[in-house]
Each structure stands twice: as structure tokens, then as C-alpha cells.
Amino acid sequence: MLNSMLKEKRSAEIEQILAKYPPERKRSAVMPLLYLVQEEYGYCTDDGMREVAEICGIDPTEVKSVAGFYSMYRKHAAGKYVIEVCDDLPCVLRGADKFIDYAEQKLGIKAGETTQDGKITLTTVMCLAACDRAPMCQVNLNYHYDLTPEKFDQLVDELKKRDE
Amino acid sequence: MTTPMDKHVLLRDEDVQDIRELAVYQANEGYAGWKKAVTSMKGEEVIGVVKDSGLRGRGGAGFPAGLKWSFIPKDINPKYVTVNCDESEPGTFKDHQLIRNNPHQVIEGTALCCYAIGAHVAYIYCRGEFKEPVQNLQKAIDDAYAAGLLGKNLFGTDYSLDVYVHLGAGAYICGEESALIESLEGKIGQPRLKPPFPAVSGLYNKPTVINNVETLANVPGIVLNGSAWYRQWGTEKSPGVKIFSVSGHVKKPDNYELPLGKYSIQDLLEMAGGSSTGLPIKAVLPAGSSSPIIPAVNFHAKLDYESMGTIGSVLGSCSWIFMDESVDMVWAARKMIRFFKHESCGKCTPCREGTHWALKLYDKMLSGEATMADVDMITTVNKQISGKCFCPLGEFSTSSMTFTLKHFRKDYEDFIAQGKGGSAAYRRELERDHHMHELHGQAKAHS
């Protein structure tokens, strides 16, 4: 039986998304709908992608190819908080590499990994368009600028507290 | 040297507090150009004044905006405007500031472009990582609707306009206009064959104008005040003002809005406080990873489209990454190649495979296993990419190799001769990248 969790839980948002595009161009909604899938399931699950395909009237394979192409669609579960540190050229010129060394040490994991409690994933990413405020990162896509070890300690403490 | 614009045209959030709010924006001539156009001008007249202003595309290519708009055929409907806010070039952060802090000016410019060409729908395509600043943009759009500045029958006329935000999901290639359109249609972001150009067959195969955020943010002032007003800044061929994103080894990295053609690279460096490390500046990338690097000896060049050409570089997107004497150009080139290898969309073999092999060669350099034969091989791989790709981004990937070798070949020779590869720092960098690469697709959020 076809899963329809997205339709049941997010129907108003689905309608809002579809309304942005011409009725005969529902495929344009694939990307915003995949974000909904990710919010609901934590990553782009097969069920979720099948549902997007049904809503857009296209083949599930086509949805999978879109999810596979764009780097922000997760193919597996990540930590509750995803810390993404830019380590592109401008950021490293301002010390991003040493900052990542510190972050790895603080969290006890390497970039690309998730803490054992499943709370925090640390990754390096390509340019995030905030080179003037490096070292910088995003935590679940919210910007954090001018990072220092002290600021990172505060940030991690705050993330841990949020769950208590 | 202090910032020379006492009143900004674009970065108006630096002059006017809370200009992101509709009431404040309107109290500062906001939407006056929009009202003037819809109530008293024809679309062709709007195109005319933008043409006369000489405004050139600020995304990188520098194509005259008014001319682009004039290519839209009148008799094919519907038409679309798509705004390129996929800002992903390393070193570029100007559109970020505009949508976050001065979003109404972006919306007004977008609306004016729509009115000029007779479009009734616009999509502002923002990179997915802009989810946070997009909240400001979306609020501004919602407020504009509520105030009757967007929507149906604007200012009592029969002209209606809808503006939507569409979020990308992490793909540099979508800054290429035809890839952006593909992405907006719900497909993977790979460039289309041109012609036909988007002006004839763009979004949903309909006539489409694609402009960068900064380009459109110039338009409200031009429509309200006229082309002569805009031409008070800049040169004959490079009129107006431009935002310079300055990063790297400078004391005050930031966005600087300057009249084109007035200041030199050296002036820009001084405005940004000079070297932050005490070491002299060795070189600058004027348009991020995709641009020909400029050695310090050429810092006398003026900041405009023509002057940058005379020193063998480009104005491009104006993302100025300054690097001091400590920066080894072999390392810097590897960083840039890593970016392009990661971001290659995979459509063309020369770019997809070429960047892969180029990165392998640079990794070999950093690991300390390379010889001068590998430097020659870099040149060979580079030649196999250059001129053989479908879209400009493939070509961009070669700049870091071509121009670091051209201007800093000694860095490569010293790197080999002095055995600089294999240092602890380089080994750690390679390990980190390889570890991330191995985990790609496992615990990956996005990379």
C-alpha cells in the first residue's frame, strides 16, 4: 500500500508549494517536497521519495535522481544537529582548518562523523557565502560567525542543553 | 582609506537602520520606482532607461542588462523572470547581504524587470544553504503582498505579479543560468545546449530573463532617478557601482560598494585595512576560484571590466580573495581544484574526469610523492579540460591551474625541489578530505 504520511501530516504546506508552479508543471515541486520528506523522516527515505513522485506525477526514479544529485538531500540519517564548517579557500586563510581540528577534538569525532549519542554530526562543506566572518559554520542551516574555541564550546554546550 | 560611498546605492542597510522593514524601505524612496513604472511607464520605457544606464550583469558575465531584456519576444506568453541567488563561488557573499538586509530592493528590482518584459511570475532561486537569510526575503515578499505592492491589479491597473522563492539544495552548477532553469523545473541541475537562449526558450520553454540579485538591486534607483543619475558613477563602458566581497588575509574582510573604474586593486586592499598577517600580499583572486589570479605587481589596475582585461584577468563576480606571502600556490590551486571536482555536474567528460585526475595529481603533490613530471601532467590534464566543456563552469575549473602555473611556476618547482609535500599539515588535510569522501553517502549531511 502506498504510504501517504507526507500528505496526511503536511497537506497545507504541500498545497502551498504546488500553488507556486503552473498546474501542469508539478515536477517543479520536487525539490521543496524533498525538503519536507527530510524534515519528516530525517533523510530522503524510499517511502518519502515515492510519495513525492506520486504528488508530482513522475517516476520515483526521477525523484531519486534529483535527491542523489543535490548534496543537501541526505541519503542516511544524520545527527540531530548538523554542524557544517566551511573549509574552502577563503575560510582556511582565516584559520578554518585549525578551527576544525579543535571541533573534532572537542566532539571526539572526525569530520564526517556523528557523536555516539546521535546528537551532533560534524562535517566540512564547500563555500557558504560568509567568507568575511570566517571561521564560520552552519548548525542546521543557521549561521554562526567569527568562531573561536570558546564560542564553539558555548555552542556545543547550548546544543546539549537544548535536549535536556 | 575609508569607504568612498557616503550614501550606498545597494548596501543601503549600512546607511539606514532596519531598511529590511517595509515601512523603513518605503520611507527611503522604496517602491517609488515601482509605482512610477506601473502607473506611468510602458515596459519598453523601463527597458530603455535600464539600457541607457549601461547596467551590466553583476553575476559575473557582465552582459548589458537592458539589452538582455530587449531580447524577450513580445508575442510569446507567458514570460518568466528568474533571479539568480545561487551565490556559491568561494569568496562571494554579496547577494547574501542583500537578501538578508535589503530584501525589498531585490524584490522591487525583480518586479521592475517583470513589468519591463511583460512577465507576471518571478522565481527567486536561492541556494538551499540560504534558508536562514531567505526568511527575511520571504517576510519582505509577504509584507509587499499585504501592502498591495505585489499581487493582483497593482496600483489600480490591470497588471498583476507573483514573486516566489525557490530553494536550491547544494549545487554550484545551478548558478549557471540554464542549469538553474533545469533545477527550477524539478530536474538535476545540468546545463542546456545553447541556442536556444533563455530569452527565447527558458523556464518551461518560455521566454525568460535570468539576472543576478545584485544586478536587479540596481534597477529601482535607475528607474526612479534616470540613467544619468546612475552614470554619475563608473566609466563609459563600466557605469555605476559594484559590490566587492573582500576576504582572505585582510584586516577588514567585508562587502565594499564602490564606483567602477575609480579605484585600483591596491586601493581596495587599503580600504580593507591591508594585510592582516603583517606579511606582504602575494596575489589576489578577483572573482573567486574561477578567476585568473593576479600577482601583486598588477595591483595598480583599476577596478572595472576593461582594466581587468588588460592585466589578463576578469572583474567577474567580484569576490576578492587576498593571499599573503605565506600562501603556497600549489596548496591554493589544490583547494580550488577540490572545489571544482566536488561541484562538477558530471555532464561533460572533460570536466567530470579532468577535475578528478587533476585533484589526484595535486594530492600527489601534497603527499610528497610528486616529481616535475607530475607538474607537466597537470598542464596536460588542464589542456584536456580547457575549451572542451559545455558550460563556462568547466572552463572555470582550469583557471586555478593555468594561472598559478603561469604566474607562480616557481612555487611548483620549489615545492618539488625543496620537498615541501608530505608535511604534517598537508597529510592531515589530505586525510580529512579522504575521510569525508569515504563517508560520502553514509552519515553525510551535505558536503
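The values are calculated or read from the model by the stated rules, or taken from the named source; none is laboratory data. Note that the coordinates shown come from a computational prediction; the quantities given were computed from them, not determined experimentally. Please note: Cβ atoms are built from the backbone with ideal geometry, for glycine as well, and neighbour counts cover all protein chains shown.
Descriptive notes on the structure:
- Within region B:45-64, the residues that satisfy the criterion of being assigned to a helix (DSSP H, G or I) and surrounded by 14 or more Cβ atoms within 10 Å (Cβ to Cβ) are B:VAL46, B:ILE47, B:GLY48, B:VAL49, B:VAL50, B:LYS51, B:ASP52, B:SER53.
- Any hit, region B:367-376, residues being in contact (Cβ under 8 Å) with a residue 24 or more places away in the chain, in a helix (DSSP H, G or I) and buried (at least 23 other Cβ atoms within 10 Å of the Cβ): no
- When the criteria are applied in full, B:LYS74 fails the requirement of being basic (Lys, Arg), in the same structural domain as B:THR208 (by TED's automatic domain parsing) and assigned to a helix (DSSP H, G or I).
- Screening B:ILE173, B:ILE188 for residues that are among the β-branched types (Val, Ile, Thr), in a helix (DSSP H, G or I) and within 13 Å of chain A (Cβ to nearest Cβ) leaves exactly one candidate, B:ILE173.
- Some residue of region B:409-422 being within 14 Å of chain A (Cβ to nearest Cβ) and either modelled with pLDDT of 95 or more or part of a helix (DSSP H, G or I) (or both): no
- Only residues that are touching a Ser or Thr at 6+ places or on another chain (Cβ under 6 Å) and hydrophobic (A, V, I, L, M, F, W, C) were counted across region B:164-179, and they come to 1.
- Residue check, B:ASN153 within 14 Å of another protein chain (Cβ to nearest Cβ), more than 24 Å from B:PRO239 (Cβ to Cβ), surrounded by fewer than 19 Cβ atoms within 10 Å (Cβ to Cβ) and out of contact with any strand residue (DSSP E or B) (no Cβ under 7 Å at 6 or more places or on another chain): no
- In region A:113-164, the residues that are of a type in the set (S, T, N, Q) and either on the phi < 0 side of the Ramachandran plot or more than 10 Å from chain B (Cβ to nearest Cβ) (or both): A:THR114, A:THR115, A:GLN116, A:THR121, A:THR123, A:THR124, A:GLN138, A:ASN142, A:THR148, A:GLN154
- For beta carbons closer than 7 Å, sequence separation of 6+ or different chains, a first residue in region A:64-77 that is over 9 Å from B:GLY170 (Cβ atoms) and more than 7 Å from every other protein chain (Cβ to nearest Cβ) and a second that is assigned to a helix (DSSP H, G or I) and not basic (Lys, Arg), the qualifying pairs are A:LYS64/A:MET49; A:ALA67/A:LEU34; A:ALA67/A:MET49.
- Yes/no for B:VAL314 being surrounded by 19 or more Cβ atoms within 10 Å (Cβ to Cβ), touching a residue at least 24 places away in the same chain (Cβ under 8 Å) and part of a loop (DSSP other than H, G, I, E, B): yes
- Any pair with Cβ under 6 angstrom, 6 or more apart, that starts in region B:274-303 at a residue that is more than 17 Å from B:MET329 (Cα to Cα) and ends at one that is aliphatic (A, V, I, L, M) and surrounded by 19 or more Cβ atoms within 10 Å (Cβ to Cβ): B:SER275/B:ILE281; B:SER276/B:VAL250; B:PHE299/B:ILE265; B:ALA301/B:ILE265
Residues checked against (1) at pLDDT 95 or above; (2) in contact with a helix residue (DSSP H, G or I) (Cβ under 7 Å, 6 or more places away or on another chain):
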residue	(1), (2)
B:VAL9	yes, yes
B:ASP18	yes, yes
B:VAL24	yes, no
B:GLY33	yes, yes
B:SER40	yes, no
B:GLU45	yes, no
B:ASP52	yes, yes
B:GLY62	no, yes
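- Flag for B:SER70 being surrounded by fewer than 21 Cβ atoms within 10 Å (Cβ to Cβ) and either closer than 21 Å to B:LEU260 by Cα or free of Cβ contacts under 8 Å to residues at least 40 places away in the same chain (or both): yes
- Enumeration of residues in region B:197-235 that are farther than 24 Å from A:VAL30 by Cβ and assigned to a loop (DSSP other than H, G, I, E, B): B:PHE197, B:ALA199, B:VAL200, B:ASN218, B:GLY226, B:ARG231, B:GLN232, B:TRP233, B:THR235
- Number of positions in region B:90-123 that are without any contact (Cβ under 8 Å) to a residue 60 or more places away in the chain and closer than 16 Å to B:PHE244 by Cβ: 1
- B:VAL46 of a type in the set (Val, Ile, Thr) and more than 25 Å from the chain's Cα centre (by Cα): no
- Set side by side, the residues B:THR371, B:THR404 differ, and just one is within 29 Å of the chain's Cα centre (by Cα) and at pLDDT 95 or above, which is B:THR404.
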